[in-house]
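What follows is calculated from the coordinates using simple rules that are stated; it is not laboratory data. Predicted, not measured: the structure shown is a model, and the values here were computed from it. FYI the Cβ positions are ideal-geometry reconstructions off the backbone, even for glycines, and counts take in every protein chain you see.
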Amino acid sequence: MLCVPILWATYAPALRYVFTADVPPDPATLSLVRITLAQLPFLPVLASTLEKVRDADEEKSGATGSMVSAAIELGLYNAFGTALQAWSLDNTSSTHNGFIMGSVSVLVPALATASGERVDPETWIACVITFIGVVVIGLDSISGGDASLSEGALQGDFAALASAVCYAGLTIKASTYAKNFKASDLMATKTLVMLTFMFLWSLQSQFLQADDAFDFVFSSPSVLLAIVYSAYIPGALANYIQLKGQADVRASDAQLIYATAPALNAVVSCFVLGESLTMNALAGGGIILAASVCGVLKTTSKEPERDDR
């Protein structure tokens, strides 16, 4: 699971690169292209799932139906989160987006408590420390010193926060469903739900009716590479690893591992996109990394307690 935040840290920079290219895409159309690519590796699994749903064996069909219901719920969380983050990245910097997405670290234990999960005091402390780190990093953008922010940055901030809420819900539900179903089965159906959502979003935005709606895909080799990379590496691969890993890790503990993503995102954005990395960013990133490492050490020092999950 340590690979997940590393992969996620390259997601926002890749999308921001595409949005700032000479032929910028509409967020809905870009999301549709990405999720279409992400669906391709899971087509054989999806076909097998559909065959099981039609199976005459009532027990087998019922189990598959339960998996499909779980995947639909995960897909909706993921679809709304992906759409809101894509819209946010069209209006603000990759670094700024990553900072706000760090609020997931606080939202996950809060939602977990609301759903009845017991959260250790150490986990709460680490999450609060993580949020302090996010605030420290965000001071640069609050002061208005980030020249990469657009006029719609405030709306982008709210979209990022709403996206964080969706991803927090996804993290919590993933820990529940990953214990009961295969990661590949969940991914195949979840991605189909996301693809349907993105298609409807694109229709609503009317960009599918424009002849040049998809011109951005082949506007340059580097843009095409960024799109393909974002679809398969921080997209499909990271989500698959997340589902596999969270079969044995509680959502609140998993989020401590994921909390390193904003700091890593800032580093990638600095070197790849040339975005600024100030003392506030370095200090906040250090706080987040420290809290996350402590959380990982706490989790690995304990034997799995299946009865508490």
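Can you order the peptides 83-89, 226-232, 42-48 by their average number of other Cβ atoms within 10 Å per residue, highest first?
Ranking, from highest mean packing down: 83-89, 226-232, 42-48.
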Around residue 219, which amide H atoms from residues at least 5 apart in sequence, or from another chain, sit under 5 Å from its own amide H, with H modelled in the peptide plane?
none
Residues residue 199 and residue 21, FRET efficiency given R0 of 25 Å [Cβ-Cβ distance, rounded to 0.05]:
0.60
On full extension of the chain, what length is gained from residue 72 through residue 113, given 0.36 nm per residue of separation minus the C-alpha to C-alpha distance?
12.4 nm
Sequence order, the range 190-204: Karplus ³J(HN,Hα) from phi using 6.51 cos²θ - 1.76 cosθ + 1.60, θ = phi - 60°, Hz rounded, Gly and Pro as x, gives 4, 5, 5, 4, 5, 4, 4, 4, 5, 5, 5, 5, 5, 5, 4
Fewest-first ranking of 189, 10, using other Cβ atoms within 10 Å as the exposure measure:
10, 189
Find how much the distance from residue 272 to residue 218 grows on full extension, using 0.36 nm per residue of separation minus their present alpha carbon separation; answer in nm with one decimal.
17.4 nm
With θ set to phi - 60° and the Karplus curve 6.51 cos²θ - 1.76 cosθ + 1.60, what are the ³J(HN,Hα) couplings of the range 231-246 in order, to the nearest whole Hz, using x for Gly and Pro?
6, 9, 8, x, x, 4, 5, 4, 5, 5, 4, 4, 5, 5, x, 6
Quick one: Karplus J couplings for the range 173-180, per residue in order, coefficients 6.51, -1.76, 1.60, θ = phi - 60°, nearest Hz, x for Gly and Pro?
5, 4, 5, 6, 6, 5, 6, 9
